[in-house]
1. For the stretch 184-226, what class follows from the C-alpha gyration tensor (a ≥ b ≥ c being the square roots of its eigenvalues): rounded when a/c is under 1.5, otherwise prolate if a/b is larger than b/c, else oblate?
2. Just Tyr69, Tyr187, Tyr115 to compare: in a GNM of the chain, with alpha carbon springs under 10 Å, which one fluctuates most?
3. Can you give the translational diffusion coefficient of the stretch 75-146 in µm²/s, computed by Stokes-Einstein from the Kirkwood radius over Cα pairs at 20 °C and 1.002 mPa s?
4. Using unit Cβ charges (K, R positive; D, E negative) and no other charged atoms, how large, in debye to the nearest 20, is the dipole of the chain about its Cα centre?
5. Give me the lysines in straight-line cross-link reach of Lys256: C-alpha distance below 27 Å, same-chain residues under 8 apart excluded.
6. What full-extension length gain, to one decimal in nm, is calculated for Gln200 and Asp156 as 0.36 nm per residue of separation minus the Cα-Cα distance?
7. Can you spot the lysines whose alpha carbon is less than 17 Å from Lys126's alpha carbon? Ignore those fewer than 8 places along the same chain.
8. Need one number: the % of Cα-Cα pairs in the chain sitting beyond the 30 Å mark.
Amino acid sequence: MLLAGAAGGAAVVLPRWTSDSLAEPAPDRLVIVISLDGARPDAVAMAETPTLDALVVAGGEAPDARATYPFVTLPNHVAMLTGLRFYQHKVMQNHYTDPMPALEVDSVFDICDRYGLATLMLAGKKKLCMLRPLSDTGPRPSQIVPLERLSAALRDATAESTPSFIFLHSAQPDLAGHASGWMSVDYLSALTRADRVVGQVVSWVRDSDLWSRTLIIVTADHGGFDKTHNGRHPGDTVIPWITSGGLAEGADLPDKVMIYDTAPTALRMLGLPIPAGLDGRAVEGFKTYPDGGS
């Protein structure tokens, strides 16, 4: 459920804007956030993941990136794309309902909407439509797509124009972890299959001649241990946070990044205002921010 605020049962709504971070959007740029649901960075190191390995070489990674409480899919994806911890975004629900509750705080999608930047979401779990209502048409499509169709769906959705912000999600590592156990052969194989699809996404970026003006962030919502994830094991909380693309060149990433730093990083790279009161901060070290970076 979407938890209520303390005053009169109303949902908490944060102040919408602070415009003191950047002046104007950069519509010529592309930010792609790829979430490999349930991925552990030590598993990525063990599995056959040549695409992710190459992205690290071409960009970088934060070796101590962390998810946040509660360590389950939907609340952490909300944190990822709003810049807020649970204590502010208030989403505890982790299952699909019809209808899904609407977010009461701004996400990257909402801010792109306000500044006229097109977006795209292709996700492997229907409950993620809380982040973006499903729609097959218009400049802001949002679809539930299985991993084997993700690359084709991406090319179809961008055939006429390229969005400024793309969120892609693979459910396979998490599903394999729950079925066979994290770090099992099936789980590592699921990471390899997801890596191949990430490779297809990278090929689309290069084929579209977008690499030089793209930031790719590959991360996850949580890890896991045995056949679950609840925050009681270090494997639950440590996640990958890999950056690549032309806009990641020369970056000097900090060791520690929180999952809720992803949203303000994407907004800053797109030249968009960052809402007031976020728990997350734009990750320092990118020299390609429109404001000159740091």
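1. oblate
2. Tyr115
3. Here the translational diffusion coefficient equals 169 µm²/s.
4. Approximately 500 debye in magnitude.
5. Lys90, Lys227, Lys287
6. 14.5 nm
7. none
8. Considering the chain, 23 percent of its Cα-Cα pairs are separated by more than 30 Å.
Only the coordinates and a few stated rules stand behind these numbers; no lab work does. Just so it is clear, the structure is predicted and the values come from calculations on it, not from any experiment. All Cβ positions, even for glycine, are placed from backbone atoms using ideal geometry, and neighbour counts span all protein chains on display.
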